[in-house]
2 protein chains.
Amino acid sequence: MNDRLRKQLEFSLEIDKEKNIFRQTHLSGHGRNENDAEHAWHMAIMAYLLREYANEEVDIAKVMLMCLIHDIVEIDAGDTYAYDAEALKTQKAREDAAKERIFSLLPDDQKTELTALFDEFEDAQTAEAKFAHALDNLQPLILNHSNDGSDWSEHGVTAEQVYSRQSRTREGSEVLFGETDRIIREHIQKGHLQWELREGHLQ
Amino acid sequence: MNDRLRKQLEFSLEIDKEKNIFRQTHLSGHGRNENDAEHAWHMAIMAYLLREYANEEVDIAKVMLMCLIHDIVEIDAGDTYAYDAEALKTQKAREDAAKERIFSLLPDDQKTELTALFDEFEDAQTAEAKFAHALDNLQPLILNHSNDGSDWSEHGVTAEQVYSRQSRTREGSEVLFGETDRIIREHIQKGHLQWELREGHLQ
């Protein structure tokens with residue numbers, strides 16, 4: 001076997017481990033925790049189906065590939081829960097080391113390409129990265145919505161925290177943020193999510 | 001919410017169920033059974049990385065999307081093991097009914113588009129479909145290879161059966177079939193796979 005194909009297959013086998021990285025989100029029907037590979041698969045299909053709602057025109061193949069690979073570093077670095085302030089502090093250092101190790105399994109040109117795509121997602125400046133982030137938020141939101149917001153109540157997440165995270169959706173898609181806002185308001189109304197400030201006032 | 005977005009999100013939530021459809025393949029490291037969503041995610045990334053080996057030039061975005069959706073019908077129809085002759089007889093009827101129900105959740109234009117893409121994969125006539133099939137074979141092969149061929153031995157699969165299935169890989173990629181052939185020979189040599197005919201002669 002040529003060395004190039006050997007490297008490509010070694011990388012392909014390595015990323016199988018992403019299926020063992022579990023997230024805080026639960027599958028619909030109050031199912032088990034979702035893993036990173038499933039999340040990425042779901043996001044990529046949703047990106048394709050919902051591309052008409054991107055704020056700017058996007059290269060959808062690039063968005064899909066970005067969705068598919070954006071969590072690969074978590075094979076080493078683990079999943080960092082969006083509302084875990086302590087873990088968020090060390091997230092970048094852990095993910096940088098993982099990025100170097102895992103993408104180095106590939107031939108140099110593909111290492112460069114995938115690293116750049118990963119960084120583009122992280123930097124969230126391009127139309128494609130912004131739209132991919134909108135999907136990174138919306139995909140777990142629709143699962144959590146279908147499960148009566150139990151992923152929030154389990155962790156005592158506040159309405160402020162949810163809005164702070166979900167506000168990034170707006171940069172990628174005003175339409176999808178509109179729907180996100182509608183869903184969040186519904187859960188606030190039902191008592192699944194509470195305002196920290198308002199709670200404080202009541203005490 | 002507009003009716004179009006409502007339908008798109010309803011479909012998006014429905015396909016979450018694909019994460020509960022488990023296959024006969026096991027994850028690397030002698031892990032648990034793999035599910036359809038993980039398999040599709042893995043295939044789509046491999047398709048992108050290995051696209052240089054396609055026999056004909058392919059529209060890689062189309063191949064990736066084909067990979068991502070090709071098992072959605074199994075939400076209703078279940079996974080049909082490639083070497084289960086009885087289940088294979090009813091597979092088409094079960095999958096046709098599922099295809100109609102699930103893609104009908106989408107707006108009409110997207111139903112038409114995704115149904116056509118699904119059918120194109122099934123018909124395996126275009127360059128994209130042939131290459132996607134090569135990946136549909138290669139992805140579980142590299143997992144099984146890493147697990148000493150235990151998915152074959154568990155089901156008493158013969159070398160003839162493996163070659164019969166994997167021969168389709170050749171239509172999409174001679175290079176990937178070359179590697180497939182090398183892997184199969186290695187497992188025959190190690191006794192993980194046996195020729196049915198040769199076994200018969202020995203009895």
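The values are calculated or read from the model by the stated rules, or taken from the named source; none is laboratory data. Because the structure is a prediction, the values reported are computed rather than measured. As a convention, Cβ positions derive from the backbone with ideal geometry for all residues, glycine included, and neighbour counts pool all protein chains shown. Quick note on the areas: whole protein, heavy atoms, side chains included, nothing else; ligands and nucleic acids left out. Shrake-Rupley method; radii C 1.70, N 1.55, O 1.52, S 1.80 Å.
At-a-glance table
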quantity: Qualifying position, being under 30 Å from residue A:6 (Cβ atoms) and not aromatic (Phe, Trp, Tyr), among B:96, B:148, B:109, B:84; calculated: B:148
quantity: Among the candidates A:48, A:81, residue that is open to solvent by 10 Å² or more (accessible area, probe 1.4 Å) and either in a helix (DSSP H, G or I) or under 17 Å from residue B:19 (Cβ atoms) (or both); calculated: A:48
quantity: Condition met for residue B:111 (among the charged types (D, E, K, R) and within 14 Å of chain A (Cβ to nearest Cβ)); calculated: yes
quantity: Of the criteria (1) touching a residue at least 60 places away in the same chain (Cβ under 8 Å); (2) buried (at least 19 other Cβ atoms within 10 Å of the Cβ), which one residue B:10 fails; calculated: (2)
quantity: The range B:88-124 - residue that is within 21 Å of residue B:17 (Cα to Cα) and at pLDDT below 90 and, of those, least open to solvent (accessible area, probe 1.4 Å); calculated: B:91
quantity: Residue A:19 being assigned to a helix (DSSP H, G or I), open to solvent by 30 Å² or more (accessible area, probe 1.4 Å), basic (Lys, Arg) and within 10 Å of chain B (Cβ to nearest Cβ); calculated: no
quantity: Matching residues in the range A:1-30 - criterion: being within 20 Å of residue B:14 (Cβ to Cβ) and more than 19 Å from the chain's Cα centre (by Cα); calculated: A:29, A:30
quantity: Qualifying positions in the range B:57-78 - crowded, with 24+ Cβ neighbours inside 10 Å, in contact (Cβ under 8 Å) with a residue 60 or more places away in the chain and in a loop (DSSP other than H, G, I, E, B); calculated: B:70
quantity: Test: residue B:142 is modelled with pLDDT of 95 or more, within 21 Å of residue B:22 (Cβ to Cβ) and in contact with a helix residue (DSSP H, G or I) (Cβ under 6 Å, 6 or more places away or on another chain); calculated: yes
quantity: Selected residue (only one of B:54, B:44 is at the interface with chain A (Cβ under 9 Å from one of its Cβ atoms) and either in contact (Cβ under 8 Å) with a residue 60 or more places away in the chain or in contact with a helix residue (DSSP H, G or I) (Cβ under 9 Å, 6 or more places away or on another chain) (or both)); calculated: B:44
quantity: Residue list for the range B:125-150, restricted to those being away from every other protein chain (no Cβ under 14 Å), open to solvent by less than 10 Å² (accessible area, probe 1.4 Å) and either in a helix (DSSP H, G or I) or under 19 Å from residue B:88 (Cα atoms) (or both); calculated: B:129, B:131, B:132
quantity: When residues of the range B:57-95 are limited to those that are under 25 Å from residue A:46 (Cβ atoms) and of a type in the set (Asp, Glu), the one farthest from the other protein chains (Cβ to nearest Cβ); calculated: B:95
quantity: Check on residue B:176, open to solvent by 10 Å² or more (accessible area, probe 1.4 Å) and not in a loop (DSSP other than H, G, I, E, B); calculated: no
quantity: Residue within the range B:29-37 that is in a helix (DSSP H, G or I) and either crowded, with 21+ Cβ neighbours inside 10 Å or more than 7 Å from every other protein chain (Cβ to nearest Cβ) (or both) present; calculated: yes
